[in-house]
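A short worksheet on the structure shown next.
Throughout, read-outs are computed from the coordinates displayed, never taken from laboratory work. Computed from a predicted model, the values in this text were never measured in an experiment. Note that each Cβ is placed from the backbone with ideal geometry, even for glycine, and that neighbours are counted across all protein chains shown.
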Amino acid sequence: MAEDFQEIGHSGGKITFTVATDKNNRRTYQSDFSSSRPVPHALIGVYATPKGIPFAHMSFGGWGDPAETPPLGGLPVQIASDSEGRFGHNCPRCNQYWRSGPGPNCCPYCALWAPSYDFLSAAQLRYVERYCEVLSNALKAEADSEVVIDMDEVADAVGKEGEKPAFYVSEQSQQRKFTCTACDEFNDILGRYGYCSRCGTRNDLQDFELNTIPSIRTRLNSGHGPEDCVRDAVAAFDSFTGQLAEQLVSLVPMTVRRKKRLEKQRFHDLDEVRKIFAQWFDVDVCAGMKEPEYAAAVRMFQRRHVYEHSGGEVDQEYLDQSGDTSVVLKQRIHETREDTHNFLGSLVKMARNLHNGFHELFPPLEGPIKALKEKKARMAEHAARSNR
């Protein structure tokens with residue numbers, strides 16, 4: 001897509017250091033940030049060593065945010081967002097890049113939990129180093145001075161040829177932008193699936209439930225063959241399950257045999273899938289499903305093989321595995337639209353069970369999720385009062 005991997009300029013602004021000597025002959029300074037560019041803008045702060053190594057989060061204060069004591073020897077550094085109000089990040093473990101809001105807690109790729117300042121992007125780290133160098137030099141100088149870091153110049157340099165300003169910072173759009181349904185955080189990641197970088201909730205279920213299944217239902221309602229929809233739905237569930245299995249392999253110690261099963265084989269046999277996740281991870285894929293619904297789902301999984309490999313004609317493998325006595329060898333089978341819709345609903349139930357079971361093993365961060373719930377409750381209460 002055209003918007004993938006596009007350079008996103010800095011939001012600009014000017015940082016001014018006013019360095020002076022007080023009556024006790026101590027060097028002091030004040031910093032001021034100003035911006036007038038008509039773009040989204042956000043600020044974060046870190047404390048860094050004089051050499052420019054970030055080591056603590058800096059709060060800007062405000063309502064409900066208690067005043068903090070600056071760490072000894074720490075220089076406060078202000079970092080502005082890109083021109084979309086987002087920040088780039090790099091994981092110190094897997095070194096992969098993404099964009100999100102100002103305070104990531106979790107790498108969306110490898111699920112590393114760390115303080116937000118550990119996720120500064122490579123460009124931001126260079127900026128912090130240069131920022132501390134300029135401020136330290138100004139404090140060491142004998143004369144009082146006013147030093148300006150012009151980030152408007154940085155913003156104007158995006159896309160232009162020639163040497164970039166010393167403080168040059170820009171970000172890059174990735175491939176998949178999603179807003180986490182659990183905490184409302186924006187994420188822009190490489191690939192399709194990952195963790196929310198704020199609360200750590202996987203986006204697989206969100207994508208499956210809000211995009212994949214509705215798309216298949218739309219095709220089904222518009223006259224697309226139910227048999228093709230069954231085949232594609234099982235393939236989508238296989239992909240969904242495979243993503244979570246891949247994460248379990250990377251996060252849970254297990255034998256080589258189990259790793260190979262989760263990494264190398266498909267998830268087209270519902271009986272086997274249910275057994276694996278129940279026995280290995282104490283997750284019941286089919287929790288909440290009554291026996292008739294489960295039996296119908298098992299049959300649909302088995303019929304996928306017929307639609308995928310036998311052109312819809314019953315083969316011996318299907319007869320042997322399904323025990324379906326309503327059909328005979330070589331008979332061409334069909335699905336109804338109603339049965340297919342019911343099957344799609346069953347897949348959503350199973351996907352939710354897998355998602356919830358995974359996050360029982362690896363819980364998301366509760367704070368951001370709770371904050372969104374409280375926000376929604378306040379909004380609902382306000383709307384109710386307005387409608388009285």
Length-normalised contact order of the range 275-337 in % [C-alpha pairs under 8 Å, at least 6 apart]: 21 percent
Distance in nm between label sites at residue 114 and residue 254, each 7 Å beyond Cα in the beta-carbon direction? 2.6 nm
Give, as ranges by residue number, the residues of the range 27-53 whose backbone N falls under 12 Å from the point 7 Å along Cα→Cβ of residue 133. 51-52
Treating cross-link reach as a plain straight distance, find the aspartates and glutamates whose alpha-carbon is under 13 Å from the alpha-carbon of residue 275, omitting any fewer than eight places away in the same chain. 284
Calculate, for residue 342 and residue 33, the FRET efficiency according to 1/(1 + (r/R0)^6) with r their C-beta to C-beta distance and R0 56 Å; round to the nearest 0.05. 0.45
Degrees between helix 291-309 axis and first principal axis of the chain (Cα, 0 to 90, nearest 10): 90 degrees
For the range 204-365, with the dipole built from +1 on Lys and Arg beta-carbon atoms and -1 on Asp and Glu ones, taken about the Cα centre, which of 236, 325, 256 lies farthest toward the positive end? 256
Tell me the angle of helix 270-281 to the major Cα principal axis of the chain, expressed in degrees between 0 and 90 and rounded to the nearest ten. 50 degrees
Under 5 Å from the placed amide H of residue 193, counting only residues 5+ away or on other chains, we find none
If I stretch the segment between residue 376 and residue 24 completely, what's the gain in nm (0.36 nm per residue apart, minus their alpha carbon distance), one decimal? 121.4 nm
How high is the relative contact order of the range 7-189, in percent, with contacts defined as C-alpha pairs under 8 Å that are six or more residues apart? 30 percent
Tell me which aspartates and glutamates have Cα within less than 20 Å of residue 330's Cα, excluding those fewer than 8 residues away on the same chain? 227, 228, 308, 313, 315, 317, 320
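Which FRET efficiency value, to the nearest 0.05, is calculated for residue 334 and residue 210 with the Förster distance at 45 angstrom and r the Cβ-Cβ distance?
Here the calculated transfer efficiency is 0.95.
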Sequence-separation-based contact order of the chain, relative, with Cα cut under 8 Å and 6+ spacing, percent: 15 percent
Can you list, largest first and rounded to whole Å, the semi-axes you get for the range 293-381 by taking the square root of 5 times each eigenvalue of its Cα gyration tensor? 42, 15, 9
Straight-line reach from residue 23: which aspartates and glutamates have a Cα under 20 Å away, not including same-chain ones fewer than 8 places off? 142, 144, 146
How large is log10 of I(q)/I(0) for the chain at q = 0.14 Å⁻¹ when the intensity is taken from the Debye formula with one equal scatterer per alpha-carbon? -1.20
Flagged links, alpha-carbon separation over 20 Å, of 177/264; 260/290; 14/164; 177/375: 177/264; 260/290; 177/375
Using the Karplus curve 6.51 cos²θ - 1.76 cosθ + 1.60 with θ = phi - 60°, work out ³J(HN,Hα) for each residue of the range 236-253 in order, rounded to whole Hz, and write x for Gly and Pro. 5, 5, 4, 5, 4, 5, x, 5, 5, 4, 4, 5, 4, 4, 7, 10, 10, x
Backbone HN-Hα couplings from phi across the range 42-52 [Karplus 6.51/-1.76/1.60, Hz, Gly and Pro as x]: 8, 10, 10, x, 9, 9, 9, 6, x, 7, x
Take the chain, connect every pair of alpha-carbon atoms lying under 10 Å apart with a spring to form a Gaussian network, then pick out the residue of 70, 92, 50 with the largest mean-square fluctuation. 70
How much mean residue ellipticity at 222 nm does the chain get from its helices, if each DSSP H run of length 4 or more adds -39500 (n - 2.57) and you divide by all residues, to the nearest 500 deg cm²/dmol? -13000 deg cm²/dmol
Shape metrics for the range 87-229, restricted to C-alpha atoms - Rg then Dmax, Å: 21.3, 81
Could you give the dipole magnitude of the chain about its Cα centre, charging the beta-carbon of Lys and Arg +1 and that of Asp and Glu -1, in debye to the nearest 20? 680 debye
